[in-house]
Amino acid sequence: MNSQLPIPFIDLAAQRRRLGDRIEKAVREVMDHGRFILGPEVDRLEKDLCEFSGAKNAITCANGTDALVLSMMALEIGDGDAIFLPSFTFSASAESVVLAGATPVFVDICPDTLNIDPAGLLAGFEEARTAGLRPRAVMTVDLFGQPADYSSIAGFCGEKGLLLIADAAQSFGASYQGARVGTLATVTTTSFFPSKPFGCYGDGGAILTDDEDIADLLRSLRVHGQGSDKYDNVRIGMNSRLDTLQAAILIEKLSILKDEIEARQDVAARYKHGLEDRVISPDVTDGVVSAWALYTIRLPEARRDAVQDGLLELGVPTVVYYPRPLHSQPAYAEYPAIDLPESEAACSQVLSLPMHPYLEEAVQDLIIEGVNKLI
């Protein structure tokens, strides 16, 4: 066991050691050729992302939030459109809807998976119509690495004529019913923020789609709406390109992602075996492989703070993702709201434990023992 404390919440240093000098070599090659914007590594990464996920097109960009905004721009989503998404998520999901000019309509979550509840979509749909909005799309958020219930959600979208946008910032590398994340929605976005299961050493993002027309639009939109070249501006776009240095780093990391996803399954299984009698452990739906971006347990509200404080004394970091649902945040107070009891309950109960592919069993045993004793 590594005796150095505190225990890393996410151990990027261990991943770096595994890769050896491959990261440094990749960075040196970029420094040598000097094509720092849309260099050859960006094109190679996009091809690798397609091969890994099964998607026909991958368009990289500056970050995960831009990936969502660009997707909605390409789908011509804007003023008067309602986008249905969970309230129990990070603000970037809803923020991107507002930045695109549309209106977020918050939907409740399933208590077992903490993902958007397909059964709650109809209530959100009716609320949007009552508010005079045009229902346009459902945005799933694959929270903590587990893909949402895409079969049910896609069925609802087909019935109501809605687009499906997957926010897969936490789930790239996961799969649903044998299909990899990236092929389950009209467009799938992801984030390469360093703490994600597949992250770089800065900001970055990507959009995956099988639709060639959408892909062509996205390639234009990310470079100021360019046409034949960057001085031929055929539409309003953004400046949202992935740095070549980050692409080079991601190429190396992608080569070990499959192994890391498998290792995360083992870590999650040890947590579940050691804690399931004392806490509410996360459930994974049959036919789903989670990317396990986070391992999030649920505790009674009165006990969570005490457990969190006690673990910190043991050198074990924990984080509450997320302390407040978005529909109760001041920034979203003006948007349509319905009762979301599961989202509110989750915010008062969740606690995320250290989770990464390199979590040593002895260290994990210490965490499990600490949680059990404190409870």
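One table, with the values for the structure above:
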{"quantity": "Qualifying positions in segment 336-358 - touching a Leu at 6+ places or on another chain (Cβ under 9 Å) and at pLDDT below 95", "calculated": "P336"}
{"quantity": "Set P197, P147: member being touching a Gly at 6+ places or on another chain (Cβ under 6 Å) and in the same structural domain as L38 (by TED's automatic domain parsing)", "calculated": "P197"}
{"quantity": "Qualifying helices (runs of 4 or more DSSP H) (wholly inside segment 34-127; at least 1 residues being within 19 Å of the chain's Cα centre (by Cα) and over 23 Å from N239 (Cα atoms))", "calculated": "40-53"}
{"quantity": "Residues that are assigned to a loop (DSSP other than H, G, I, E, B) and out of contact with any Asp or Glu (no Cβ under 9 Å at 6 or more places or on another chain), drawn from segment 128-166", "calculated": "A131, G132, P147, G161, L162"}
{"quantity": "Residue match in segment 40-59 (condition: more than 18 Å from T188 (Cα to Cα) and either assigned by TED's automatic domain parsing to the domain that holds A337 or acidic (D, E) (or both))", "calculated": "yes"}
{"quantity": "Qualifying position, being more than 26 Å from I109 (Cβ to Cβ) and of a type in the set (S, T, Y), among S281, S255", "calculated": "S255"}
{"quantity": "Count - residues of segment 280-329 that are aliphatic (A, V, I, L, M) and crowded, with 19+ Cβ neighbours inside 10 Å", "calculated": "12"}
{"quantity": "Unmet requirement for R270, which otherwise passes all of (1) modelled with pLDDT of 95 or more; (2) charged (D, E, K, R); (3) in the same structural domain as L70 (by TED's automatic domain parsing)", "calculated": "(3)"}
{"quantity": "Residues (in contact with a Ser or Thr (Cβ under 9 Å, 6 or more places away or on another chain), charged (D, E, K, R) and outside any helix (DSSP H, G or I)) located in segment 238-272", "calculated": "R241"}
{"quantity": "Search result, residues across segment 14-56 that are farther than 27 Å from D229 by Cα, of a type in the set (G, A, S) and free of Cβ contacts under 8 Å to residues at least 12 places away in the same chain", "calculated": "G20"}
{"quantity": "Odd one out for R278 among (1) under 24 Å from the mean Cα position of the chain (by Cα); (2) assigned to a loop (DSSP other than H, G, I, E, B)", "calculated": "(1)"}
{"quantity": "Residues of segment 346-365 satisfying the condition of being buried (at least 17 other Cβ atoms within 10 Å of the Cβ) and either of a type in the set (A, V, I, L, M, F, W, C) or part of a helix (DSSP H, G or I) (or both)", "calculated": "A346, C347, Q349, V350, L351, L353, M355, L359, V363, Q364"}
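One line per residue, one yes/no per condition, for (1) modelled with pLDDT of 95 or more; (2) over 30 Å from A119 (Cα atoms); (3) surrounded by fewer than 24 Cβ atoms within 10 Å (Cβ to Cβ):
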{"position": "F156", "(1), (2), (3)": "yes, no, yes"}
{"position": "R180", "(1), (2), (3)": "yes, no, yes"}
{"position": "V187", "(1), (2), (3)": "yes, no, no"}
{"position": "P197", "(1), (2), (3)": "yes, no, no"}
{"position": "H224", "(1), (2), (3)": "yes, yes, yes"}
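The values are calculated or read from the model by the stated rules, or taken from the named source; none is laboratory data. Note that this is a predicted model, so its numbers are computed, not measured. So basically every Cβ, Gly included, is an ideal-geometry build from the backbone, and we count neighbours across all protein chains shown.
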